[in-house]
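We did not get these values from a lab; they are worked out from the coordinates using the rules stated. Not measured: the values here are computed from a predicted model. Note that each Cβ is placed from the backbone with ideal geometry, even for glycine, and that neighbours are counted across all protein chains shown.
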Amino acid sequence: MKHLVFATIAAGLLATASPLHAQLFYVGLRGGAGIPTGSFSEVSSTSEPGALDGAKAGLGYGLDAGINLGPLGFYAGFDRMRFECAEQSCGARDSKYRLQGVSAGVRLSVPLFPFVKPWVKGGVTFNELDAEFGEASSVPRFSTERSPGYEVGAGIDIPIAGGFFSVTPQVRYVGQKLDYRLPGVTTGGEVSTAANYYTIDLGLRLRSPI
């Protein structure tokens, strides 16, 4: 996935060599499902207190804004996701993970079709996670530090209402390691654990040429 980030950024830099066309500013709201992957999704009956695992698919929302300069664009965003945690791993039915943070990066449009506008993007993320395992756990709750990660994604813009709005389905992958320390449990340095996930989103954007 890191190679895809670099390829996306490189393609964006190459695109700046071509003449810039109409500039387009947009803001949008999106919502969708988050699908944990890797160790974040593994269910274990022998999890140690405070382990980041057992996450199940959840829901979330986000905001984004950006500017397109011809095929090249830049974006910034905010995300908030909630994942339930499997009882086998976290010890209580109401255990949950709440993850939120910001992102920024480059977006490259692929002008293949006159109506729908495919695109790919890659950027950096800065996320933090709150975990709640229930009062019966030896570690009822804790929060991670805000840590850097990366995201890659692809989607399409479907203009509606004369082009002033667009419907935007997209998929993303977020890769990250989150650092944290557990009071009374962690000794020495911080623990660093991966909490990677996919999202499947549907967004609505307001587009304004400038």
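Can you put 94, 201 in order, fewest other beta carbons within 10 Å first?
The most exposed by this proxy come first: 94, 201.
Once you have the Cα-Cα distance between residue 65 and residue 80, take 0.36 nm times their residue separation minus that, and quote the gain in nm to one decimal.
3.8 nm
Let me see the P(r) profile for the stretch 82-210: every Cα-Cα distance counted, bins of 10 Å, each bin given as a percent of all pairs.
11, 32, 27, 17, 10, 3
Hey, with R₀ at 22 Å, roughly what FRET efficiency would residue 158 and residue 27 work out to, going by the Cβ-Cβ distance, to 0.05? Don't skip to the end; give the middle numbers.
Working: r = 17 Å, r/R0 = 0.77.
Between residue 158 and residue 27 the formula returns 0.85.
Counting residues in the stretch 34-136 as N, plug N into 2.2 N^0.38 Å and put the Cα Rg over that result. Numbers along the way, then the final one.
Values: Rg = 17.9 Å, N = 103, 2.2 N^0.38 = 12.8 Å.
Against the empirical 2.2 N^0.38 Å value, I get 1.40 for the stretch 34-136.
Using the 10 angstrom Cβ neighbour count as an exposure proxy, how do 117, 177 rank, fewest first? Intermediate results must be reported in sequence, preceding the final value.
On the way: 117 19, 177 15.
With the sparsest Cβ surroundings first, the list reads 177, 117.
Would you mind ranking 181, 93, 172, 30 so that the residue whose beta carbon has the fewest other beta carbons within 10 Å leads the list?
With the fewest neighbours first, 181, 93, 172, 30 line up as 93, 181, 30, 172.
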